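> Before I ask anything, here is the structure I am working with.
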Amino acid sequence: MADRILIVDDEVMLTGLLADHLQNSGYETDTANDAKTALRLLKNEPHLILLDINMPGMDGLELCKTIRDAVACPIVFLTARITEQDKLNGFLTGGDDYITKPFSLPEITARIAAHLRREERSKNSPKLMAARELLINLSNRSVVYRGEEILFSKKEFDLLQFLAANAGQVFDRERLYEAVWGLDAEGDSSVIKEHIRKIRQKLHNATGEAYIDTVWGVGYRWNK
């Protein structure tokens, strides 16, 4: 079955152009020109969402924040505005990547394919990891401690999973960013610091233990 792409942009001509191109590339598509329609189309379970930031009413950042905990698929922002703060805001609301307007159709097709490949590799990884009494279930993307689930955002879970799978190894922020956001992402590794802080706080609040060490001047390490 073909992967389904949800295209959300208030420019009707752009959503039509992208839908035609992606259908010709073998994808199924849904299009929405506002957040309300996009929310309704989530029932079709898209494999990836292309999301314009600058929409009237509920903008792309607010929509991403609204759906992120309920939607596991990659969310790729489309924007003509791309300051460092814009990128940081987007990643903190749960976005996975940015594509800057104007863009070429081959570029957007390659970005989509790269994200979908990463999602497929993630599905084929080991299904359960244990770290002391912490159980990390990769099948349903949950973290449980003594029977109680600890809730993480998509990117927080991805970072936790990567560090736990490579326990004892030290990774700098750039390497962690590449591992979770991808080599082709147009972002800033400074977002890693805030994500690590949130992961640590949630783990400590639930377990009273420190699972992630800071190796000063180098990076972060999952404590064996």
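The values are calculated or read from the model by the stated rules, or taken from the named source; none is laboratory data. Owing to the predicted nature of the structure, the values given are computational and were not obtained by experimental measurement. Here Cβ is always computed from backbone atoms with ideal geometry, including for glycine, and neighbour counts include all displayed protein chains. For the accessible areas, the whole protein counts, side chains as well, though only heavy atoms, and no ligand, DNA or RNA atoms are used. Shrake-Rupley method; radii C 1.70, N 1.55, O 1.52, S 1.80 Å.
> Once neighbouring chains are kept in place and the probe is 1.4 Å, which whole percent of the accessible area of the chain is contributed by carbon and sulfur?
For the chain, the apolar C and S fraction of the accessible surface comes to 51 percent.
> Just reorder W222, W216 by solvent-accessible area, largest first, 1.4 Å probe, all chains present.
Accessible-area ranking of W222, W216, largest first: W216, W222.
> So if we plug the beta-carbon distance of R197 and M1 into 1/(1 + (r/R0)^6) with R0 = 45 Å, what FRET efficiency do we get, rounded to 0.05?
0.70
> What do you get for trypsin sites (Lys or Arg not before Pro) in segment 129-187 restricted to DSSP loop and a cutoff of at most 16 other Cβ within 10 Å of the site's Cβ?
Counting only loop positions with at most 16 other Cβ atoms within 10 Å, the trypsin sites (Lys or Arg not before Pro) in segment 129-187 are R132, R141, R146.
> Under a point-charge model restricted to the Cβ atoms of Lys and Arg (+1) and Asp and Glu (-1), what is the dipole moment magnitude of segment 1-122 relative to its Cα centre, in debye to the nearest 20?
Around 220 debye, computed over segment 1-122.
> Taking a ≥ b ≥ c as the square roots of the eigenvalues of the Cα gyration tensor of segment 111-224, is the shape rounded (a/c under 1.5), prolate (a/b larger than b/c) or oblate?
Because a/c hits 1.5 or more and a/b fails to exceed b/c, segment 111-224 counts as oblate.
> OK, next. Which of G94, G182, G147 ends up with the largest GNM mean-square fluctuation for the chain, with Cα atoms connected below 10 Å?
G147
> Using helices alone, I'd like the mean residue ellipticity at 222 nm for the chain: each DSSP H run of four-plus residues gives -39500 (n - 2.57), total over residue count, nearest 500.
-13000 deg cm²/dmol
> Would you please report the Å³ per residue occupied by the convex hull of the alpha carbon atoms in segment 55-97?
66 Å³
> What Kirkwood radius, in Å to one decimal, follows from the Cα pairs of segment 70-157?
For segment 70-157, the Kirkwood estimate is 15.1 Å.
> Towards the positive end of the charge dipole of segment 19-139, with charges on Cβ (+1 Lys, Arg; -1 Asp, Glu), say which of S139, T109, I75 has the farthest Cα.
With unit charges placed on the Cβ atoms, the residue in question is S139.
> According to the square roots a ≥ b ≥ c of the eigenvalues of the Cα gyration tensor, what is the shape class of segment 36-119, taking rounded for a/c under 1.5, prolate for a/b larger than b/c otherwise, and oblate for the remainder?
rounded
> Sorted from largest down, what three extents in whole angstroms do the Cα atoms of the chain have along their principal axes?
Projected onto its principal axes, the Cα set of the chain covers 52, 35, 30 Å.
> Express the accessible area of segment 96-177 per residue in Å², computed with a 1.4 Å probe while the remaining protein chains stay in the model.
Roughly 50 Å² per residue, with all protein chains present.
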